[in-house]
1. Out of everything in segment 119-144 that is under 16 Å from T232 (Cβ atoms) and among the polar types (S, T, N, Q), what residue ends up being modelled with the highest pLDDT?
2. Return the only residue of T73, T108, T52 being part of a helix (DSSP H, G or I) and either free of Cβ contacts under 8 Å to residues at least 24 places away in the same chain or within 17 Å of the chain's Cα centre (by Cα) (or both).
3. L114 is checked against (1) of a type in the set (A, V, I, L, M); (2) more than 16 Å from N41 (Cβ to Cβ); (3) assigned to a loop (DSSP other than H, G, I, E, B) and fails just one. What number does that condition carry?
4. Identify all residues within segment 62-85 that are over 20 Å from S193 (Cα atoms) and of a type outside the set (G, A, S); write none if there are none.
5. Within segment 190-247, track down each residue that is outside any strand (DSSP E or B), charged (D, E, K, R) and crowded, with 19+ Cβ neighbours inside 10 Å.
6. Which of the residues belonging to segment 117-132 are assigned to a helix (DSSP H, G or I) and buried (at least 22 other Cβ atoms within 10 Å of the Cβ)?
7. Could we say that N80 is touching a Gly at 6+ places or on another chain (Cβ under 7 Å), surrounded by fewer than 19 Cβ atoms within 10 Å (Cβ to Cβ) and more than 30 Å from T128 (Cβ to Cβ) here?
Amino acid sequence: MKSKLKNRISLIVVCALLLVLAVSCKKESDDPSIIKDADGNVYTSVKIGTQTWLVENLKTTRYNDGTSIPLVTDNTEWKNLTTPGYCWYGNDASNNEDAYGALYNWHTVEKGNLCPKGWHIPDDSEWTIMEDYLIANGFNYDESTSENLIAKSIATAYDWEASSFPGVVGSADFPLKRNSTGFSALPGGNRMSIGLFDYYGGAAVWWSATEADLLSAWSRYIISTSGSMTRTYLSKNAGLSARCVKD
């Protein structure tokens with residue numbers, strides 16, 4: 001009798017624990033403030049004007065439907081890609097994944113489901129909306145006050161390289177002015193279309209979702225020797241960082 005009672009009590013306890021775990025998991029998955037990609041990486045967000053942006057660069061290795069994105073390390077293979085691919089700067093995930101996220105070619109962005117659900121890669125006009133807001137509200141670079149208030153490293157370990165130009169991202173007089181927007185740009189560099197890596201510590205470069213022509217797409221970048229965000233188009237085979245904006 002005692003043995004049966006103990007077994008029943010044990011079964012009740014196990015069921016109760018499973019129920020608590022299920023409820024806890026459901027609450028976490030339903031919580032809109034928790035932003036996760038398909039790999040389980042967690043992101044934070046910041047509101048800039050009318051838009052809400054992720055604070056970190058994407059580091060997912062899968063689309064939001066769970067499909068894997070090919071990891072491409074070889075330079076020649078990267079150069080010849082006409083399909084999606086990603087990498088870590090210098091093919092060094094241990095030092096660069098957490099700080100800077102992954103570098104993706106535009107074929108990866110083109111799929112439309114790289115960001116966590118409810119988010120997307122900004123198109124060219126959405127980047128412009130942010131830029132116009134920054135200019136209108138005094139966040140744009142102003143040589144007289146040495147400000148570039150969008151760009152900042154999150155920690156000194158991932159800081160921008162030094163610059164001799166006063167008032168720009170990597171200069172000595174810049175730290176007190178940084179990151180008033182909370183955008184937290186990091187100088188993760190990029191991978192050129194020929195497969196070589198470049199601008200580590202000196203540039204942050206992001207894709208837009210807008211094609212420029214058959215071979216290129218629009219992007220935005222910040223470099224350590226300049227005080228502003230710049231619009232340009234780059235080869236679709238380039239490897240750039242990816243930021244997401246809320247739907």
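The values are calculated or read from the model by the stated rules, or taken from the named source; none is laboratory data. All values derive from a computational prediction rather than experimental measurement. Cβ sites come from the backbone with ideal geometry, for glycine too, and all protein chains shown count toward neighbours.
1. Only one residue fits best here, namely S125.
2. Matching residue, one of T73, T108, T52: T108.
3. The number of the failed condition is (2).
4. Result: R62, Y63, N64, D65, T67.
5. K236, R243
6. W127, M130 - these are the residues of segment 117-132 that are assigned to a helix (DSSP H, G or I) and buried (at least 22 other Cβ atoms within 10 Å of the Cβ).
7. Considered against the rule, which asks whether it is touching a Gly at 6+ places or on another chain (Cβ under 7 Å), surrounded by fewer than 19 Cβ atoms within 10 Å (Cβ to Cβ) and more than 30 Å from T128 (Cβ to Cβ), N80 comes out as no.
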